[in-house]
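Have a look at the structure below, then the notes.
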Amino acid sequence: MRCIPKDFLLSQKIESLSKKQRENTKTQWELEFSKRWAAAGAHWGVPKTTLVVHGWLMAQASPVSTDEVMEALELSRGGSHNALQSLVEWKLAHAFKPLGARQVKYTAEDDPFAMLMAVIHKRREQELVPIAELAEWNAEMKAELSLQGREDFHERIGGIAHRARQLDTLLVRTAREDEGWWWRWVLGPLRTK
């Protein structure tokens with residue numbers, strides 16, 4: 001029988017405790033970041049839980065499964081799954097199935113420009129497209145509004161819809177451009193020389 005010195009066992013216990021403390025510290029900063037990310041992204045129109053999951057996912061060095069998200073953020077399976085699917089729909093995360101694995105793994109989009117464009121595209125779909133579609137209703141109601149003496153209302157709605165279509169066209173055209181073009185377009189006028 002082999003004898004193990006007490007000092008060796010004690011050092012193993014200390015090492016495992018320090019490892020747990022490092023993992024807890026890691027978890028703390030990840031959770032803190034995910035909360036701050038949710039606060040920063042609250043104006044994007046993304047649900048808070050989805051932003052918390054996205055923030056936590058961004059802090060991960062390797063792809064994670066739904067179970068890992070559930071455990072780390074103390075969410076239900078349905079809540080975790082819905083948040084991850086919403087992130088994939090927004091194109092803020094990618095889902096893939098490693099060869100030989102049964103679980104789907106998720107990773108956050110790591111390109112800041114791609115993230116920005118994904119948010120802009122989704123906001124365009126949610127806000128500009130419905131307003132631009134209001135132009136059709138306005139055209140159909142023109143005769144009725146004229147009979148009621150509300151041409152001013154027809155013109156106001158037409159102006160709003162026209163500006164929405166212009167902005168929508170601008171976003172569609174600029175979305176096709178690369179990051180360099182955006183930086184030249186946005187930062188070009190700011191150069192002072």
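The values are calculated or read from the model by the stated rules, or taken from the named source; none is laboratory data. Owing to the predicted nature of the structure, the values given are computational and were not obtained by experimental measurement. All Cβ positions, even for glycine, are placed from backbone atoms using ideal geometry, and neighbour counts span all protein chains on display. Each accessible area value is taken on the protein alone, full model and side chains, heavy atoms only, with ligands, DNA and RNA left out. Shrake-Rupley method; radii C 1.70, N 1.55, O 1.52, S 1.80 Å.
Listed values, structure above:
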{"read-out": "Qualifying GluC sites (Glu not before Pro) for segment 34-94 [loop in DSSP, other Cβ within 10 Å: at most 14]", "value": "Glu74"}
{"read-out": "Cβ-derived FRET efficiency at R0 41 Å, Glu151 paired with Thr27, nearest 0.05", "value": "0.05"}
{"read-out": "Portion, in percent, of the accessible area of segment 56-117 that falls on carbon or sulfur, probe 1.4 Å", "value": "53 percent"}
{"read-out": "Rough spin-label spacing in nm, given labels placed 7 Å along Cα→Cβ, for Ala61 and Thr107", "value": "1.4 nm"}
{"read-out": "Area accessible to solvent at His43, 1.4 Å probe radius, in Å²", "value": "150 Å²"}
{"read-out": "Computed accessible area, Asp110, all protein chains, 1.4 angstrom probe, square angstrom", "value": "130 Å²"}
{"read-out": "Estimated distance in nm for a label pair at Glu89 and Leu116, the labels positioned 7 Å out from Cα along Cα-to-Cβ", "value": "2.6 nm"}
{"read-out": "³J(HN,Hα), Karplus 6.51/-1.76/1.60, whole Hz, each residue of segment 72-83, x for Gly, Pro", "value": "5, 9, 6, 10, 6, 4, x, x, 5, 4, 4, 5"}
{"read-out": "Sites Lys35 and Asn82 - FRET efficiency at Förster radius 25 Å, r taken between beta-carbons, to 0.05", "value": "0.85"}
{"read-out": "Computed accessible area, Trp29, all protein chains, 1.4 angstrom probe, square angstrom", "value": "130 Å²"}
{"read-out": "Extension reserve of the Ile160-Ala175 stretch, reckoned as 0.36 nm per residue once the Cα distance is removed", "value": "3.2 nm"}
{"read-out": "From phi via Karplus (6.51, -1.76, 1.60), per-residue ³J(HN,Hα) for segment 160-177 in Hz, x at Gly/Pro", "value": "5, 5, 5, 5, 5, 5, 4, 5, 4, 4, 4, 5, 5, 5, 6, 5, 6, 7"}
